[in-house]
Each structure stands twice: as structure tokens, then as C-alpha cells.
1. Take Leu53 and tell me if it is within 23 Å of the chain's Cα centre (by Cα) and open to solvent by 80 Å² or more (accessible area, probe 1.4 Å).
2. Take the conditions basic (Lys, Arg) and either at pLDDT 75 or above or assigned to a loop (DSSP other than H, G, I, E, B) (or both) and apply them to Arg35. Does it pass?
3. What pairs come up if the first residue lies in the stretch 44-73 and is over 18 Å from Pro14 (Cβ atoms), the second is open to solvent by 100 Å² or more (accessible area, probe 1.4 Å) and at pLDDT below 90, and their beta carbons are under 6 Å apart, counting only those six or more places apart or on different chains?
Amino acid sequence: MNQQQNSEVSAFLPMLQKGIWLFGILSWIFGLTDRSIALLSDGYLSAIDIVQLFTASFFFVSWIFLSPFLSFNSQSQRKVEGIRQKVEASR
């Protein structure tokens, strides 16, 4: 029974991670849209508004790089495992 629960949890966690990431993308798009409308609605550009927009844009791009759809971690783990096996085989 414990093995079945572990497999269910290991199948559920990536789906949860991707769902949270997609929700975050939608939230950042909404936030950037809101900041852009607020920036342009009053008729003049203030330095604080521009800094807020650039900061939100930076965090949005950072969030995109945290994508669970990219397999950087699994590729690097395979490389490390391959190197570890070669080192252990040479001993």
C-alpha cells in the first residue's frame, strides 16, 4: 500500500507544480497589464511608475525561467549520475 501511495504522490506533485507555475504566469500577466494601464492612464510618466513596471517585468521573466516544463534539472542530474558512475567504475 505504501508503494502505491508513493507512486500517486510522485505523479501528483509535477502536476501541482505545473499548475502553480501556470497560475503564476496568469498573475504576472495581470499585474503587468495593471501596471501598464496605471502608468499610461494619468497622462505622464513618473520615475516611480517606470521602476515599478521594470521590477514587475524582471520578476515575470524570472518566473518564466522557473518553468517546470523545462528539463534543465533532469538533464544535469543525468550528467552528474553519469560522471558518478564513471568515477565509481574506475575505482
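1. Numbers: within 23 Å of the chain's Cα centre (by Cα): yes; open to solvent by 80 Å² or more (accessible area, probe 1.4 Å): no.
The answer is no for Leu53.
2. Working: basic (Lys, Arg): yes; either at pLDDT 75 or above or assigned to a loop (DSSP other than H, G, I, E, B) (or both): yes.
So Arg35 passes the test.
3. Nothing qualifies.
The values are calculated or read from the model by the stated rules, or taken from the named source; none is laboratory data. Bear in mind that the values here come from a model prediction, so they are computed numbers and not experimental data. Cβ coordinates were reconstructed from backbone atoms using ideal geometry, including for glycine residues, and neighbour counts include every protein chain displayed. When the accessible area is computed, the model is the full protein with side chains, heavy atoms only, and any ligands, DNA or RNA have been set aside. Shrake-Rupley method; radii C 1.70, N 1.55, O 1.52, S 1.80 Å.
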